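Enquirer: Take this structure first; my questions come after.
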């Protein structure tokens, strides 16, 4: 199920949210990242698949607040409808049998040491023709990337994930997962020209 998070039992609104919205900026991104997903399916599937992540816009604290309010007021089905209608970009699996996954939530935060953390949230669905989703316990899939100050790093792909909202800080994060993650090696932020 979806994990609900509310500070002191109520969704916080007011001046703290306004400050977070100002800090979040306009939400426009058009960022790209490349990497190699280790499929753990050799010899039936290729052992590694190139992926291209295209983020058109970042999820704002206001959007998270709207999703949390929808979840608390209208329930899981209304939340999932809103989640599925939100499009933030796409992950492309660059091989003959690969599909594209629609990104429904995307956030990037910069650490004090110059590193970047990226979280991408998808609905749970097959990502290649040979993929069959296990029963699993959760509704979502998550990709987490960790990049150094030069835009290089690694990532993890969680095919059965539970997410949680931190409305105070305007963030979504991975709470737990049901299947061991796949490694995304050689992640590189594609620099704009």
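Enquirer: Residue check, residue 108 against (1) assigned to a loop (DSSP other than H, G, I, E, B); (2) under 15 Å from the mean Cα position of the chain (by Cα); (3) within 21 Å of residue 57 (Cα to Cα), all met but one. Which one?
Expert: (1)
Enquirer: Look at residue 179 and say whether it is within 17 Å of the chain's Cα centre (by Cα), surrounded by 13 or more Cβ atoms within 10 Å (Cβ to Cβ), outside any strand (DSSP E or B) and in contact (Cβ under 8 Å) with a residue 12 or more places away in the chain.
Expert: Values: within 17 Å of the chain's Cα centre (by Cα): yes; surrounded by 13 or more Cβ atoms within 10 Å (Cβ to Cβ): yes; outside any strand (DSSP E or B): yes; in contact (Cβ under 8 Å) with a residue 12 or more places away in the chain: yes.
It is true that residue 179 is within 17 Å of the chain's Cα centre (by Cα), surrounded by 13 or more Cβ atoms within 10 Å (Cβ to Cβ), outside any strand (DSSP E or B) and in contact (Cβ under 8 Å) with a residue 12 or more places away in the chain.
Enquirer: Same structure again: Of all residues in the range 96-105, which are without any contact (Cβ under 8 Å) to a residue 40 or more places away in the chain, surrounded by fewer than 16 Cβ atoms within 10 Å (Cβ to Cβ) and not in a strand (DSSP E or B)?
Expert: 96, 99
A short reminder: the numbers here are calculations on the coordinates, not readings from a lab. On a predicted model such as this, the values are computed, not experimentally measured, just so you know. For neighbour counting, all protein chains shown are included, and Cβ atoms are generated from backbone atoms with ideal geometry for every residue, glycine included.
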